Amino acid sequence: QCFAYPAFWYVVSHFESGRTLWSLPAALYPVHFGLKILGHFLIVAAFIAADINTFVGSKQLWVYLRAKLRGRPVDRVAVFGHNNLVIGFPFTFVRHPMYLGIILSLVTATGIYTEKIALNLICLLLYVEVGSYFEERQLVRLFGDAYRKYQTTTSKYLPLSWLWQARICQPRSP
């Protein structure tokens, strides 16, 4: 992941912007700004809840080096720095709040949407979907039925189940 994105960005940055597909109307500026703030907030909140040291790998490096220096076997570093399933805020609303935050950040990075921005967004959505697929497989292996139950009660990216429970929006009746 750390190498794929910069390589992808290097290639895409050399593309021409292409034609403009859509420009944000001035009436939507406040909504656009609110979604931008929400995206950044979700990224930070997910980092805090997920134990940033584990996320960036510094915890794994510390555990590995400490074990090697002491001549002991390397302990397994728990997912997100915990031995239990983390489903508190912001994971209460969606299973992948960081991915949602990244998507919102890219979507709100500009008010003029060109072919290049659309290509970036499509590639990001594919990356997020593939990444979340493998993450969820790992979480099912680690937490079994607890994670399967969480999958049935919490939406993947959009907080629709939370909104329905809060009665903010209701699914349509046939």
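The values are calculated or read from the model by the stated rules, or taken from the named source; none is laboratory data. This is a predicted model, so every value here is computed, not measured. Here the Cβ positions follow ideal geometry from the backbone for every residue, glycine too, while neighbour counts run over all protein chains shown. Note: areas computed on protein heavy atoms with side chains; ligands, DNA, RNA excluded. Shrake-Rupley method; radii C 1.70, N 1.55, O 1.52, S 1.80 Å.
Numbers below:
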{"read-out": "Reciprocal mean inverse distance between Cα atoms of the range 1-62 - Kirkwood radius, Å", "value": "15.4"}
{"read-out": "For the range 26-137: accessible area per residue (Å², 1.4 Å)", "value": "60"}
{"read-out": "From phi via Karplus (6.51, -1.76, 1.60), per-residue ³J(HN,Hα) for the range 132-144 in Hz, x at Gly/Pro", "value": "5, 4, 6, 4, 5, 4, 5, 5, 5, 4, 6, 10, x"}
{"read-out": "Exposure rank, largest accessible area first [21, 119; 1.4 Å]", "value": "21, 119"}
{"read-out": "Listed pairs 59/156; 116/149; 68/156; 36/68 exceeding 32 Å between Cα atoms", "value": "116/149; 68/156; 36/68"}
{"read-out": "Candidate residues 51, 145: accessible-area rank, largest first, probe 1.4 Å", "value": "145, 51"}
{"read-out": "Sparse-neighbourhood loop sites, trypsin sites (Lys or Arg not before Pro) in the range 9-73 - DSSP loop, at most 15 other Cβ within 10 angstrom", "value": "19"}
{"read-out": "Per-residue ³J(HN,Hα) for the range 110-116, Karplus 6.51 cos²θ - 1.76 cosθ + 1.60, θ = phi - 60°, Hz, x for Gly and Pro", "value": "8, x, 10, 9, 9, 4, 5"}
